[in-house]
Amino acid sequence: MYPLLDHDDLQKSRKALLATSALLIILHELKFSAGAIDVGGLKFAIDQGVVVGFATVFLFYFAYVFILRAVEFSFSTRLDTLKRQLEEYKERQEEEYKELNRFQTLFNSKEDMKFDHNRQSFTDFHRRHTYQVTSWLYTVKRVIFLTIDLILPLAIAALAFVKGGSVAGAIAFLF
C-alpha cells in the first residue's frame, strides 16, 4: 500500500486522513473540461462528481479508522500510565519499608542523625517536585494530543467534507 495511506497506528492513520482530506479539497477545486483524455486511442471522460464521491468514500473510511486508532491510543496510554503508577507505588512501599527498618536501629552518632535528616528532607523535596513536573508534563501531552493529533485532523476532514459537499457524490458513487 502507498505509505501515505497506511493506517496501522494513530500517526499513520492521521497522515492518511490528512492526505485524503487534502486530495478531496484539491479535487473539488479542480476544473474539468468537457473533453476526454486520449490514452493510446482509448478516450476517457472524467466526471468531477464521481471523482469527488470516490475520494469522499475514502475520507469516511480514513476518518473512521482515525477515530478508532485515537480511542485505542488513548486507552493504551492510560493503561501504560496505570502500570507505571503501580510500579512507582511498589517502589515507594519498598523504600518506606527500608526506612522503617533503618529507624528501628539506633544511630551511631549525632552526625548520622543529622545526615539522615538532611537526606530525608531532600528526598521529600525531590519527590514533591518530581510529581509536580510529571503532572505538568502529562497536562501538556494531553493538550498536544487533543489539539494537534486529534482535533486538527478531524477539523481538516470536516472542512474537506463540507467544502466538497460530497455526500451526494459518495452516495452516487456507491450506488
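What follows is calculated from the coordinates using simple rules that are stated; it is not laboratory data. Since we're looking at a predicted model, the values are computed, not measured. Heads up, the Cβs are rebuilt from the backbone with ideal geometry, glycines too, and the neighbour counts pull from every protein chain shown.
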- Item | Local net charge near ILE151, Cβ-Cβ under 13 Å (Lys/Arg +1, Asp/Glu -1) | +1
- Set the Förster radius R0 to 22 Å, insert the Cβ-Cβ distance between ILE46 and LEU159 as r into 1/(1 + (r/R0)^6), and round the FRET efficiency to 0.05. 0.40
- What ranking, highest mean first, results for peptides 128-140, 41-53 when packing means the other Cβ atoms within 10 Å averaged over each residue? 41-53, 128-140
